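The values are calculated or read from the model by the stated rules, or taken from the named source; none is laboratory data. Please read all numbers here as calculations on a predicted model, not as lab measurements. A quick note on method: Cβ atoms are made from the backbone with ideal geometry, for glycine too, and the neighbour counts reach across all protein chains shown.
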Amino acid sequence: MAAWIAQLGDAVLRRWAAFMALSRFGFHLLEVALNPRTYDSATRWIITKQIYFTAVQALPIFLIYSLVISGVLIQIMVSVARDFGLSGYVPGLIVGFLVMELLPLLSVLFVALRSGAAINTEIALMHVNNEIVAFEHAQIDPARYEFMPRVVGGVISVLALTGLSALTALIVAFFVIYGFDWTNLAGYAHSMAQLLPVTLVLGLVGKTMLFGLVVTLIPIKTGLEIPKRLFLVPVSVLKGMMRVFFAIVLIEVASLAFKYI
């Protein structure tokens with residue numbers, strides 16, 4: 001029993017140390033990001049490139065993906081609600097479940113699979129090949145030109161994709177509920193505005209920004225932690241994506257607990 005408790009304590013201390021190291025790294029990047037002098041032409045170009053490859057390039061596929069999922073789920077909600085005489089609760093269910101919970105989660109998973117693993121691999125290879133050290137010897141800050149632009153681009157991408165998927169779901173919901181009867185558009189917009197007050201929207205933005213942070217910050221930090229051995233790069237990517245997955249789940253559970261408990 002004593003040995004088991006000692007092992008558990010060591011594991012908790014290691015996790016805590018890793019969390020504190022990630023927090024210090026994140027605060028350093030935040031300090032860099034909040035400095036107006038950071039955003040020269042090179043930094044802006046890297047951020048733009050990150051947003052393009054993460055969000056813009058995959059936008060058609062993502063919109064189709066959001067449209068299909070939203071259409072199927074909304075049709076199920078409407079059909080079941082009509083069967084039980086609960087049609088009046090459908091807009092609230094669409095906002096509470098689809099817009100606030102499911103679509104942000106699907107958006108961040110999409111970005112994690114598309115860019116999180118790629119960022120982890122790229123940073124790990126740069127670390128193994130001593131490119132990070134070369135930047136430092138050349139007096140070029142890697143946090144400014146390599147790490148921070150990826151984090152900022154990732155956060156903006158997750159925010160944009162979440163917003164577009166939510167807008168797509170609301171448009172689909174109107175057509176599923178009312179068809180092409182445009183006379184109901186004003187009433188529908190009014191009901192949705194009541195279901196989405198400013199505080200709720202700000203909470204969604206905050207959660208989405210946290211999603212964007214973990215899906216970029218964790219892969220970068222994990223890629224910098226591995227020993228400089230090329231064969232360990234796949235291990236770093238696997239470890240980083242597992243950490244990203246658990247962080248996303250933790251944020252989602254904490255959000256649900258804050259709202260409903």
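In region 125-179, what count of residues is obtained for those that are farther than 26 Å from L102 by Cβ and not basic (K, R)?
24
Please work out which one of (1) at pLDDT below 85; (2) within 20 Å of the chain's Cα centre (by Cα) is the condition T222 fails and give its number.
For T222, the exception is condition (1).
Condition check: exposed (fewer than 14 other Cβ atoms within 10 Å of the Cβ), free of Cβ contacts under 8 Å to residues at least 60 places away in the same chain and over 25 Å from S157 (Cα atoms). Does G85 satisfy that? It would help to see each step written out before you state the result.
Details: exposed (fewer than 14 other Cβ atoms within 10 Å of the Cβ): yes; free of Cβ contacts under 8 Å to residues at least 60 places away in the same chain: yes; over 25 Å from S157 (Cα atoms): yes.
Against the criterion (exposed (fewer than 14 other Cβ atoms within 10 Å of the Cβ), free of Cβ contacts under 8 Å to residues at least 60 places away in the same chain and over 25 Å from S157 (Cα atoms)), G85 qualifies.
Are any residues in region 155-187 polar (S, T, N, Q) and within 30 Å of L29 (Cβ to Cβ), and if so, which ones?
Those that are polar (S, T, N, Q) and within 30 Å of L29 (Cβ to Cβ): S157, T162, S165.
Has region 249-256 got any residue that is among the acidic types (D, E), surrounded by 17 or more Cβ atoms within 10 Å (Cβ to Cβ) and under 22 Å from L73 (Cα atoms)? Walk me through how you get there before you give the answer.
So the first thing to find is which residues in region 249-256 are among the acidic types (D, E), and the list is 252.
Subset that is surrounded by 17 or more Cβ atoms within 10 Å (Cβ to Cβ): 252.
Checking which are under 22 Å from L73 (Cα atoms) leaves us with 252.
Yes, some residue in region 249-256 is among the acidic types (D, E), surrounded by 17 or more Cβ atoms within 10 Å (Cβ to Cβ) and under 22 Å from L73 (Cα atoms).
How about region 1-117: which helices (runs of 4 or more DSSP H) wholly inside it have at least 2 residues that are closer than 15 Å to L170 by Cα, at pLDDT below 85 and more than 17 Å from the chain's Cα centre (by Cα)?
Working: elements: 2-33, 41-51, 59-83, 90-93, 103-111.
In region 1-117, 90-93 are the helices (runs of 4 or more DSSP H) which contain 2 or more residues that are closer than 15 Å to L170 by Cα, at pLDDT below 85 and more than 17 Å from the chain's Cα centre (by Cα).
Of all residues in region 55-82, how many are of a type in the set (S, T, N, Q) and surrounded by 13 or more Cβ atoms within 10 Å (Cβ to Cβ)?
Taking region 55-82 as the starting set, the residues that turn out to be of a type in the set (S, T, N, Q) are 57, 66, 70, 75, 79.
In the following step, the residues that additionally are surrounded by 13 or more Cβ atoms within 10 Å (Cβ to Cβ) were identified as 66, 70, 75.
Selection size over region 55-82: 3.
Being more than 18 Å from the chain's Cα centre (by Cα), small (G, A, S) and part of a helix (DSSP H, G or I) narrows it down to one residue among G163, G187; which is it? Walk me through it before giving the result.
Working: G163 fails: more than 18 Å from the chain's Cα centre (by Cα).
Going through G163, G187 in turn, just one is more than 18 Å from the chain's Cα centre (by Cα), small (G, A, S) and part of a helix (DSSP H, G or I): G187.
I'd like to verify a number: residues in region 126-151 that are assigned to a loop (DSSP other than H, G, I, E, B) and within 17 Å of R37 (Cα to Cα), how many?
Restricting attention to region 126-151, the residues satisfying the condition of being assigned to a loop (DSSP other than H, G, I, E, B) are 129-130, 138-141.
Subsequent filtering for residues that are within 17 Å of R37 (Cα to Cα) retains 139-141.
Selection size over region 126-151: 3.
For region 202-215, check the following and say yes or no: at least one residue is surrounded by fewer than 19 Cβ atoms within 10 Å (Cβ to Cβ) and either farther than 24 Å from R243 by Cα or in contact with an Asp or Glu (Cβ under 6 Å, 6 or more places away or on another chain) (or both).
Just the residues of region 202-215 that are surrounded by fewer than 19 Cβ atoms within 10 Å (Cβ to Cβ), to begin with: 202-203, 205-206, 209.
Adding the requirement that they be either farther than 24 Å from R243 by Cα or in contact with an Asp or Glu (Cβ under 6 Å, 6 or more places away or on another chain) (or both) leaves 202.
Within region 202-215 (the criterion being surrounded by fewer than 19 Cβ atoms within 10 Å (Cβ to Cβ) and either farther than 24 Å from R243 by Cα or in contact with an Asp or Glu (Cβ under 6 Å, 6 or more places away or on another chain) (or both)), the answer is yes, since at least one residue qualifies.
Of everything in region 107-136, what is hydrophobic (A, V, I, L, M, F, W, C), surrounded by fewer than 19 Cβ atoms within 10 Å (Cβ to Cβ) and closer than 23 Å to I61 by Cβ? Give them in sequence order.
Result: L109, L113, A117, A118.
Among (1) part of a helix (DSSP H, G or I); (2) more than 25 Å from M77 (Cα to Cα); (3) over 21 Å from the mean Cα position of the chain (by Cα); (4) not β-branched (V, I, T), where does K228 come up short?
(1)
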